[in-house]
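Colleague: I have a structure here, written as structure tokens, and I will follow up with some questions on it.
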Amino acid sequence: MTNNKPKILVLFYSMYGHVFALANEIVKGVEEAGGIAVLKQVAELIPEANWDDNIRNAKELMKNIPVADPKTDLEGIDGIIVGTPTRFGNMSAQMRNFWDRTSSTWLAGGLVGKPASVFVSTATQHGGQETTIITTLVTLLHHGMVCVGLPYSYQEQMRIDEITGGSPYGASTIAGGMGERMPSVNELKLARDLGRHHTGIAGKLMGKV
Ligand SMILES: Cc1cc2nc3c(=O)[nH]c(=O)nc-3n(C[C@H](O)[C@H](O)[C@H](O)COP(=O)(O)O)c2cc1C
């Protein structure tokens, strides 16, 4: 908590930039709701020698985003919004690696009672948007966090006139099999909504847990 404003960690991994694009909107939503957004990426595990041009281009865009330290970056936050591309319906190994290094926070109950939200990218419409969010929330529930989704009151998730991410579980985008589709206007709006909604709940929980 800083000056009574909720401090929200927006923690993401992105290989080709889709999750990063959602993360930037979430940051705006957090700030619009009066929160302090801290944007961090988790450490890459793929050796640079193995990056293709698409990865290299995305990494260039993200080069100024600090890499989160699992020992220190979970301290003093009032909420966390976690973003990951799907890997076979689950979070990426890079994001898993971060959480597997958080046992000292877990032992201390450092995140108990704080809100947690998730946002994702999949290649295809049914490639695991919901499973990735829900299985990521399992880890956050083990930390004692309070799950915050995206209520149906954010009605853009119900559109059927175009393909769109966004669900009661959280924000999302569909990247296409070759990563050729970037988040749509609708998906970016829902990501921003998630940031705002999450921050409002973090503010309500502050001092009461
Ligand atoms: C090992 C691997 C497994 C993947 N598994 C899935 C999957 O189960 N379903 C799917 O729709 N996309 C899958 N993808 C595609 C990624 O989710 C896609 O590249 C990602 O959403 C793009 O987000 P980013 O640009 O932020 O990295 C997989 C990609 C890799 C490399």
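The values are calculated or read from the model by the stated rules, or taken from the named source; none is laboratory data. Quantities reported herein were computed from a predicted structural model and do not represent experimental measurements. Cβ atoms come from the backbone with ideal geometry, glycine included; neighbour counts cover every protein chain shown. In case anyone asks, the SASA skips ligands and DNA or RNA and just uses the protein heavy atoms, side chains included. Shrake-Rupley method; radii C 1.70, N 1.55, O 1.52, S 1.80 Å.
Colleague: Among DSSP beta bridges lying fully in the chain, give the percent that are antiparallel, nearest 5.
Modeller: 10 percent
Colleague: To the nearest 20 debye, what charge dipole does the chain have about its Cα centre, counting +1 at the Cβ of each Lys and Arg and -1 at the Cβ of each Asp and Glu?
Modeller: 560 debye
Colleague: Please give the per residue accessible area of the chain, computed with a probe of 1.4 Å over protein heavy atoms only, in Å².
Modeller: For the chain, the solvent-accessible area averages 47 Å² per residue.
Colleague: Can I ask one more? Provide the packing ranking of 117-126, 141-150, i.e. peptides ordered by the mean count of other C-beta atoms within 10 Å per residue, highest first.
Modeller: For the peptides 117-126, 141-150, the packing ranking is 117-126, 141-150.
Colleague: Are there any chymotrypsin sites (Phe, Trp or Tyr not before Pro) in region 1-88 that are in a DSSP loop and have at most 12 other Cβ atoms within 10 Å? List them by number.
Modeller: Counting only loop positions with at most 12 other Cβ atoms within 10 Å, the chymotrypsin sites (Phe, Trp or Tyr not before Pro) in region 1-88 are PHE88.
Colleague: How much of the accessible area of the chain, in percent, comes from carbon and sulfur atoms when a 1.4 Å probe is used?
Modeller: 56 percent
Colleague: What does the accessible area of LYS28 come to, in Å² to the nearest 10, when a probe of 1.4 Å is used?
Modeller: 90 Å²
Colleague: Probe 1.4 Å, all protein chains in place: accessible area of ARG159 in Å², nearest 10?
Modeller: It works out to around 90 Å².
Colleague: So for ARG192, ARG101, what's the accessible-area order with a 1.4 Å probe, most first?
Modeller: Highest to lowest solvent-accessible surface, that is ARG101, ARG192.
Colleague: Right, another one. Counting Lys and Arg as +1 and Asp and Glu as -1, what is the net charge of the other residues whose Cβ lies under 12 Å from the Cβ of ARG196?
Modeller: That works out to -1.
Colleague: Checking a compactness column here: for the chain, what do you get for Rg(Cα) / (2.2 N^0.38 Å), N being the number of residues?
Modeller: 0.95
Colleague: Tell me, which longest segment in the chain has none of the GluC sites (Glu not before Pro) that fall in DSSP loops with at most 13 further Cβ atoms within 10 Å?
Modeller: The segment 76-161 is the longest one with no such site.
Colleague: Which of ALA43, ILE65, VAL138 sits farthest toward the positive end of the charge dipole of region 7-205, with +1 on the Cβ of Lys and Arg and -1 on the Cβ of Asp and Glu?
Modeller: So the residue furthest toward the plus end is VAL138.
Colleague: By Kyte-Doolittle mean hydropathy of at least 0.5 and Cα axial length of at least 18 Å, which whole DSSP H helices of the chain are selected?
Modeller: 129-142
Colleague: A further question follows. What does the convex hull of the alpha-carbon atoms of region 120-204 project to on average, in nm²?
Modeller: Mean projected area of the Cα convex hull: 5.8 nm².
Colleague: With a sphere of radius 13 Å drawn around the Cβ of PRO168, what net charge do the other residues whose Cβ falls strictly inside it have (Lys, Arg +1; Asp, Glu -1)?
Modeller: -3
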